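Worksheet: one structure, shown below.
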Amino acid sequence: MILTKIELSNFRNLKDLTFKPSPKLNILVGENGMGKTNFIEALNLLVATKSFKASRDLEMIGWGSEFARVFGQADHNQIEILVRTVGKEIRLNNLITRSLDTVGVISGVLFTPSDIEMLTDTPGVRRRFLDILISKINRKYLYDLASYTQVLKNRNRVLFTLKQKQRHSVLSPEDFQGLDIWDEHLVNYGSQILVARFGYVAKLNTLLEEYGRQLLGRELVLRYSSKFGSTLSLEEVTLKFRELLLRHKQEEIERFSTVFGPHRDDFKLFAKYEEKEIDLGVFGSRGEIRSALLALKISELRLSEAERKDKAILLLDDVLSELDASHQSDLLNSVKLNQTFITTTTLAYFPKEVLSVAKIITAKNGLLDSA
């Protein structure tokens, strides 16, 4: 899959643009603040339908404008996203659709400098990485995740109501009926999410062994951390989920919060040193973490391609500056068969033979000019 046409209107500081990218390497070069990252954000919007930068969609609308528009054509699919002050409209092949039905239509992987901090950040950041990775490959997972999130909110409201009632009277069996209904929904969606995560983590680990050796000189392994283990079947997870909810019902009422489930899980990335495994988030040097995250991102790319049986687009925002010369070369060699968009402040990172086949786009004051 490749993007053959891109159109932007009123997107942040970028001038209106119609652009036909190279099917291979596209390099956006310019000083900081010129619009390079905004362009990557717009492309990722076509992949994930959400910004990796903005907490609110309104932030993507250019100053003084009433809307922002991003359009992309990839093979036989067209995606148009219109962001207005009153909301966001998504069209897939000219038909209004939901974000749930658009995520992953264009297959892409994003790598930004902030990803370097993922291993030392909060568990929520790592769960989000895993959720986005799987959602772009497996649409059912995305539906299950959206349903689980809504069920979780409703269940926590019921727990809060029970907590309030418990202050004034003893709860009766009838009081728990509403909670029992949400428990079943939670177990249903949550168990499927967990088993999907177990499976995709196992597939990632097969790739991480190879790319860990290539980029770090050591095998890497991602360890999924959960009250449910990491290898159980759907039936086993379902039974254990029900058991945990039943056993800790009073604790959850006291805290009016759901204590167990995929929304509480985490993962860690380990490097194998002879007979030991080192938690890179705790003991890894910044150089080791950079190399490990690069291996993880390339593994994500290859997993996406294997599952979808199609090439993925790679979006790299100023990551070469985080890598030494050897790893810059490793990255460029690993993705030379993919359509790639990469931002940089200087072309000095790129060998002459790479520049000779790349499309160079200069960014200046929101204007993108291709050579």
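The values are calculated or read from the model by the stated rules, or taken from the named source; none is laboratory data. No experiment lies behind these values; they were computed from the predicted model shown. No Cβ is skipped: glycine too gets one built from the backbone with ideal geometry, and neighbour counts run over all protein chains shown.
Could you please let me know if Phe67 is at pLDDT 90 or above, among the aromatic types (Phe, Trp, Tyr), in contact with a strand residue (DSSP E or B) (Cβ under 7 Å, 6 or more places away or on another chain) and farther than 27 Å from Lys297 by Cβ?
yes
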Enumeration of residues in the stretch 133-157 that are of a type outside the set (S, T, N, Q) and over 18 Å from His263 (Cα atoms): Lys136, Ile137, Arg139
Number of positions in the stretch 307-331 that are without any contact (Cβ under 8 Å) to a residue 40 or more places away in the chain and within 26 Å of Gly104 (Cβ to Cβ): 2
Hits in the stretch 286-333 - residues which are among the acidic types (Asp, Glu), surrounded by fewer than 21 Cβ atoms within 10 Å (Cβ to Cβ) and in a helix (DSSP H, G or I): Glu288, Glu305, Glu307, Glu322, Asp330
Given (1) over 18 Å from Gln78 (Cα atoms); (2) of a type outside the set (Phe, Trp, Tyr); (3) touching a residue at least 40 places away in the same chain (Cβ under 8 Å); (4) assigned to a loop (DSSP other than H, G, I, E, B), index of the condition Gly33 fails: (3)
Qualifying position, being buried (at least 21 other Cβ atoms within 10 Å of the Cβ), under 30 Å from Pro21 (Cα atoms) and in contact (Cβ under 8 Å) with a residue 24 or more places away in the chain, among Leu280, Leu208, Leu245, Leu215: Leu215
Unique match (being outside any helix (DSSP H, G or I), closer than 13 Å to Ala48 by Cα and touching a Lys or Arg at 6+ places or on another chain (Cβ under 9 Å)) among Leu100, Leu142, Leu110: Leu110
Residue ID - farthest from Ile2 (Cα to Cα), chosen from residues in the stretch 312-363 that are at pLDDT 90 or above and of a type in the set (D, E, K, R): Lys352
Gly108 being under 30 Å from Ser291 (Cα atoms) and buried (at least 20 other Cβ atoms within 10 Å of the Cβ): yes
Any hit, the stretch 207-217, residues being modelled with pLDDT of 95 or more and basic (Lys, Arg): no
Residue among Asn44, Asn38, Asn26 that alone is part of a strand (DSSP E or B) and touching a strand residue (DSSP E or B) at 6+ places or on another chain (Cβ under 7 Å): Asn26
Pair list, Cβ under 9 Å, 6 or more apart: the stretch 1-18 residue without any contact (Cβ under 8 Å) to a residue 24 or more places away in the chain, other residue among the aliphatic types (A, V, I, L, M) and surrounded by 16 or more Cβ atoms within 10 Å (Cβ to Cβ): Asp16/Leu8; Thr18/Ile6; Thr18/Leu8
Scope the stretch 334-364; condition under 21 Å from the mean Cα position of the chain (by Cα) and loosely packed, with under 13 Cβ neighbours inside 10 Å; matching residues: none
Members of the stretch 39-58 found to be touching a Leu at 6+ places or on another chain (Cβ under 7 Å) and either crowded, with 23+ Cβ neighbours inside 10 Å or of a type in the set (A, V, I, L, M, F, W, C) (or both), listed by number: Phe39, Ile40, Ala42, Leu43, Asn44, Phe52
